[in-house]
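Student: Structure below; questions to follow.
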Amino acid sequence: MKTYSVALLAVALMAGSTAAGATGVAARSQATTLGTVTIPVIASGYRITLIFGPREAMYTQAEARRTHPKTGEIMLRGSMMMGGTGMGMPNRHLEVHVLDRRTMRPASNPMVSITYQALSPMMMRPVSVPVAVMVGLSMDMSDIHYGNNVSMAGGTYRVSVHVNRAYATYTVRL
């Protein structure tokens, strides 16, 4: 068991696999605040790190050149989630960093998909996150990551991340 100091109480890891040959990891975590939560796991040949934080300003490359913002994310591909999916306006930023496990450098053009589902007595259907490829405004390409702003009320969620044939499943309480 690992302990994290920022809003994360505990993380327990368990390996799994599927008949299709994909390998994955299930991570269970507890979060106590709206602060940033970071959960790294190893799945197949990748280190997949899930990060939840407050909503981020997201800019196209042209907007960033034109407006010179000081904080936020630059979208290299994809677009910002604007709400209207019946879930309300985005209030959190969900991102996934994917590193090659051998080199610990960003994986080369991985196919990433992310879904989340509230775990409650009336479980909602999984929500597919429109994945944008981003880099932090003041960061270099070693910060490349995948995700978007999302609408998630307080509660417990299952977040599933697929990277090529690998997957990681996280249970997070916000």
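A short reminder: the numbers here are calculations on the coordinates, not readings from a lab. Predicted, not measured: the structure shown is a model, and the values here were computed from it. Cβ atoms come from the backbone with ideal geometry, glycine included; neighbour counts cover every protein chain shown.
Student: Charges only on Cβ, +1 for Lys and Arg, -1 for Asp and Glu: so what's the dipole of the range 75-166 about the Cα centre, in debye to the nearest 20?
Tutor: Its charge dipole is roughly 280 debye.
Student: Could I ask something else about it? Taking the range 55-149, which trypsin sites (Lys or Arg not before Pro) meet the DSSP loop condition and have no more than 12 other C-beta atoms within 10 Å?
Tutor: Lys70, Arg102
Student: Using modelled amide H (1.01 Å from N, peptide plane; none on Pro or chain starts), what sits under 5 Å from the amide H of Gly72, excluding residues fewer than 5 places away?
Tutor: So Gly72 has HN proximity to Leu137.
Student: For the range 110-127, in order, what is each residue's ³J(HN,Hα) by Karplus, 6.51 cos²θ - 1.76 cosθ + 1.60 with θ = phi - 60°, in whole Hz (x at glycine and Pro)?
Tutor: For the range 110-127, the Karplus-derived couplings read x, 8, 10, 10, 9, 10, 9, 8, 5, 9, 8, x, 10, 4, 7, 5, x, 9 Hz, x marking Gly and Pro.
Student: Now for a separate question. Under the Karplus relation 6.51 cos²θ - 1.76 cosθ + 1.60, θ = phi - 60°, what is the ordered set of whole-Hz ³J(HN,Hα) values for the range 128-134, x standing for Gly and Pro?
Tutor: Each residue of the range 128-134 in turn: 7, 7, x, 7, 9, 8, 10 Hz.
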